[in-house]
1. If we restrict to alpha carbons, what Rg and Dmax does the range A:46-182 come to, in Å?
2. With just the Cα atoms defining each centre, how far is the range A:310-326 from the range A:35-86? Give it in Å.
3. What is the percent carbon and sulfur in the accessible area of the protein assembly as shown, measuring with a 1.4 Å probe over the protein chains and ignoring ligands?
4. Given the protein chains as shown and a 1.4 Å probe, how many square angstrom of residue A:101 are accessible, to the nearest 10?
5. What net charge do the residues around residue B:349 carry, taking every other residue with its C-beta under 11 Å from that of residue B:349, with Lys and Arg at +1 and Asp and Glu at -1?
6. Aspartates and glutamates within cross-link reach of residue B:64: Cα-Cα under 12 Å, excluding same-chain residues under 8 positions apart?
7. Work through the residues other than residue B:56 whose Cβ is under 12 Å from its Cβ and net out their charges, Lys, Arg +1 and Asp, Glu -1.
8. Note down the magnitude of the dipole of the range A:2-46 about its Cα centre, charges +1 on Lys and Arg C-beta and -1 on Asp and Glu C-beta and zero elsewhere, to the nearest 20 debye.
Number of protein chains: 2
Amino acid sequence: MKNRTRAHRKPTIQEIARIAEVSRGTVDRVLHERGDVNPQVAERVRQVASDLAYAPNRAAKALKYSSKPKLVSCILPISNREYFDQVAIGFARAARELSDMGISVETERLDCDDEGTLIEAIRRRCSMEEGLAGGGDATVAGLILTAPDTEPVRDAIDCVIAAGVPVITLNSDITECGRLCFVGQDLKRSGLVAAELLSKMLRGAGRVVAVTGNLVYQAHTDRVVGFQRGVELWGRLLDVDVRESFGTYEGTISCLEAAFRQAEEEHAEIVGIYMATGINEACIDFLVERNLVGTVRVVTNDNTRSIRRALEAGIVDYTICQDPEHQGYTPLKLMYEYLFHNTAPLLEWYQSPIKIVGASDVVDTDD
Amino acid sequence: MKNRTRAHRKPTIQEIARIAEVSRGTVDRVLHERGDVNPQVAERVRQVASDLAYAPNRAAKALKYSSKPKLVSCILPISNREYFDQVAIGFARAARELSDMGISVETERLDCDDEGTLIEAIRRRCSMEEGLAGGGDATVAGLILTAPDTEPVRDAIDCVIAAGVPVITLNSDITECGRLCFVGQDLKRSGLVAAELLSKMLRGAGRVVAVTGNLVYQAHTDRVVGFQRGVELWGRLLDVDVRESFGTYEGTISCLEAAFRQAEEEHAEIVGIYMATGINEACIDFLVERNLVGTVRVVTNDNTRSIRRALEAGIVDYTICQDPEHQGYTPLKLMYEYLFHNTAPLLEWYQSPIKIVGASDVVDTDD
DNA sequence: ATGAAAGCGCTAACAT
DNA sequence: ATGTTAGCGCTTTCAT
């Protein structure tokens, strides 16, 4: 049972030209729709190309572009450093694989929460007049970014896209704009996974606290929605107490305090905590100070150094990660395929894998 | 905070030639150590190349080779179909990404348990005389395979390597031979993960059955060793009963029967099952027939259709997967880097990710 | 021992 | 509207 890819040579432009009885130049014009060609001839060429299942040779194309590579720009937030550094690593890995392939890459880290700065950076990319006091800034061929999904940002993105520059969003999506695709996690499923873990660890009855950031943000509620659905499926005996941390250390502490206070009043027992969006460190400190380690099952998100320590110490049972490297690597690869092979991403949404990490991942196997 | 890769152009052979005041041909001869060049000139050229941090242009190299690509051969077992089909998909994806990059790929599925067939296939690859009744069989430049770690196989591999053909093993390693590297799972850690899952689901006391294939094979015991270590760490109250299935359906059924019989005799309660190496279907059937679903926590390996059904039905709690696609994709990429960029793999062992899959993965999120 | 040149497939500027 | 050609960087053959 043998299987060989490309048993014989791939067709070239030269071959198409020979069969269609035109010159390579004409074939090129047809395939790139650069006009100035007789419609009938064009049709014939297209026919031959599709008959031969022509696909351009990637190495040749890359070589041709190597003197003036297409620039892909990537904007990442300066916040959440530990996480986005990992994204940048994946991005760099893809860039390395694509070096010499006709692409060049720039990464910019900026305060994406400051809409002004962000929009200015985005705008610059669609209105780069060649002649202007150019500090050597080449025009951008593709844009990859993480940005909040607000009206002004959407507008700025649409302006870039209108200028013919494709955009891929990562980690958090920007809806209702013409982006090519989104690379990020399925937050609802992430919540579902957390619920399954907690439910199966707990089984019996009890109360579970789900800490989220801010319920007005869709992104923050998604995990909780998934979590609640998961508890229905696998932990019917549990009741869920949803609390908002507002993204601060103090907010996290005080919402946990409030949850435990209320549970005491209601003679309910808190047996689990799900940190959907919040400051994990705060939760860890809280558990240690209150001497709750071991009596409360804890599931968090992300994979930071402090989480890994908490896993090792048995404070946290599992943490659900979203493979930041994949979120950097994939968009650049997709952008390349789009820019050079004219293949739009197959999916609108590339789900980054949901990885369950437990203490097993932070322990040595041999001793 | 801007960061641009390769702000200015990369040096070319032409540039080295100009600076070292020789011709491109000479530079090429030096860099490829093809002899026939004055030692002093050679030294000068090497100096210039390293000064400029020269690295060949991948696109140009690929283009040059596109007419006579290097053939990479991949041998996969015909057994374990569902799994190795996935491996083949990863392999094909890498092959697609590398199409036109000077590489061509052939995949062969054969009965790797039949040592004769396997060794014959391996041997063919090192002794392919050009002049012979060649049915078009080109000589192989690299070999990727999964094979049992036995003496005759090792010898055959060593013969291929001696002929100058690099070898990468996947899924199961072949030790003590000159293979470039191994791509596969850390079986001990896989067992550790299983133990953590079961321990944290169970907590209390009870007996856990660990079903393995055959204790005489190192590969089969590794998971069990990791599992036992994990139970020590997270499930001190559990006791482990290790059983051999000998890789058959009947063997699996009968070892489970024996385990339950013995438990009854000893008035112990079996609360969990770990299917380390065995026929998952047998275990599922056993649980259903004995009406044990829900009372016994079950962790398996791999991600087959029947396992997914069992997850959905709540028969199996978690299954531990080893990302077969990654095991196909990675070796070919590494082989390419080795053959074309002269970069040997950084690691001797590329660990395929250990993915924990639960019911959350087989459930719809929106409804 | 070294240099010169052809050619891989594609693009784009130039020529007709 | 169509054809011709130079050139991207590398390898390899041929000529010196």
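1. 16.8, 53
2. 38
3. Numbers: 16900 of 34100 Å².
Here carbon and sulfur together make up 50 percent of the probe-accessible area.
4. Around 10 Å² of this residue is reachable by solvent.
5. Details: positive: B:179; negative: B:173, B:186, B:348.
The answer is -2.
6. B:100
7. Values: positive: B:10, B:58, B:61, B:64; negative: A:100, B:28.
Residues close to residue B:56 contribute a combined charge of +2.
8. Values: 11 positive and 6 negative charges, 104 e Å.
Dipole of the range A:2-46, to the nearest 20 debye: 500 debye.
The values are calculated or read from the model by the stated rules, or taken from the named source; none is laboratory data. In this text the structure is predicted, and so the values were computed from the model without any measurement. Quick reminder, even Gly has a Cβ in these numbers, built from the backbone with ideal geometry, and neighbours come from all protein chains shown. Areas reflect the complete protein model, heavy atoms only, side chains present, ligands, DNA and RNA absent. Shrake-Rupley method; radii C 1.70, N 1.55, O 1.52, S 1.80 Å.
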